[in-house]
Amino acid sequence: MLRVLEPFLMLILLMALGGYLYRTKFLDLDFCRRLSSLVVRITLPTLLFVSMYNNIDLPALQQGWIFTAVGLGTSVILAVTAHYSARFFGLQGMTFGTYQILCTNGNNIFLPVPIISVLFGTPYVVYAVLFELGAGLFYWTYGVSNFRSGTKFNVKRLLNANMLGLLLGLASGLLGVSIPSPLYGAMEIIGNITVGSAMLIIGALVVHLFEEGLKPRREVWSVVLHRLLLSPLVGVIVLGLVQLPAELKTILLVMLSMPPLVTTALVAASYNADEELAAMGVVIPTILSFVLLPIVLLLF
């Protein structure tokens, strides 16, 4: 039991540090936005490349393709259910778009990477990255349009740092491309900044919401249902249809039980979206996931 709780305690400590730094004015929301931009544009793509390059091989790809398929398929299912539930709530404009992104875009790297590393070992992180490959295909062609004007489906948006990191890592790993040790070491250091930075941001957002005294809106509970109930339910159905080793079954269920991506709350401010909904829609499901995920892991 202690082994299952270890990664969550580690992440909680980092979140607590972020909250403390926010309370003591070492961090503010403007700094968190800049840090979020650094994570999304630099450190996360580097982490995705290194994780894919270091752990991918043909056997892993043969077993892991289901993660990519489920990542993409689940995003489509959640987008459809989020669309109709948003209409039920009467959401419009940027509030509609913010709600849709919260329901469909999971925290597929920042939380599961340390959890999988501690519980199963670093080589298994590649399955989280393969899941993000599928989810990213949906997010960057359709999902991100909820924060932008123009056409909903745009293949050109796939040419971004995160998808390039994933695809280049996949190709380099499978082809056995040799990266010079100094360059690879530098990339590992940069990638390792990602998870810690994300946890500090979450901690700052938690304290910010408590200080503002904001009460959860009804849409937030629907986000919780999408991310922490409907998404895992898809996983239960899939696991009943496919044959996977026990470790991969657990990892797939963990990936489908992730709360919304932390940077959604900060990106929303950049696009003049519903920042209040975005912040609550990230913080509340994330806190709840720290209670529910250990239970799921103990059961499996």
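The values are calculated or read from the model by the stated rules, or taken from the named source; none is laboratory data. The shown structure was predicted, so the numbers you read here are calculated from the model rather than taken from an experiment. Heads up, the Cβs are rebuilt from the backbone with ideal geometry, glycines too, and the neighbour counts pull from every protein chain shown.
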Could you list, ordered by first residue, the pairs with Cβ atoms under 6 Å in which the first is in the stretch 170-183 and β-branched (Val, Ile, Thr) and the second is surrounded by 10 or more Cβ atoms within 10 Å (Cβ to Cβ) and assigned to a helix (DSSP H, G or I), at least 6 apart or interchain?
none
Residue check for LEU205: under 23 Å from ILE115 (Cβ atoms), modelled with pLDDT of 90 or more and not β-branched (Val, Ile, Thr)
no
When you look at SER197, is it under 19 Å from ASN107 (Cβ atoms) and in contact with a Pro (Cβ under 6 Å, 6 or more places away or on another chain), yes or no?
no
Is it the case that some residue within the stretch 143-162 is surrounded by 17 or more Cβ atoms within 10 Å (Cβ to Cβ) and at pLDDT 90 or above?
no
LEU288 passes all but one of the listed conditions (1) touching a helix residue (DSSP H, G or I) at 6+ places or on another chain (Cβ under 8 Å); (2) farther than 30 Å from PHE26 by Cα; (3) not in a loop (DSSP other than H, G, I, E, B); the exception is number (2)
For the subset of the stretch 7-28 comprising residues that are within 20 Å of the chain's Cα centre (by Cα) and surrounded by fewer than 17 Cβ atoms within 10 Å (Cβ to Cβ), which member is nearest to ASN105 (Cα to Cα)?
ILE12
Out of PHE31, PHE49, I need the residue that is surrounded by 14 or more Cβ atoms within 10 Å (Cβ to Cβ), without any contact (Cβ under 8 Å) to a residue 12 or more places away in the chain and of a type outside the set (Gly, Ala, Ser). Which one?
PHE31
Select, from ILE201, ILE251, ILE237, ILE193, the only residue that is in contact with a helix residue (DSSP H, G or I) (Cβ under 8 Å, 6 or more places away or on another chain) and either surrounded by fewer than 19 Cβ atoms within 10 Å (Cβ to Cβ) or not β-branched (Val, Ile, Thr) (or both).
ILE193
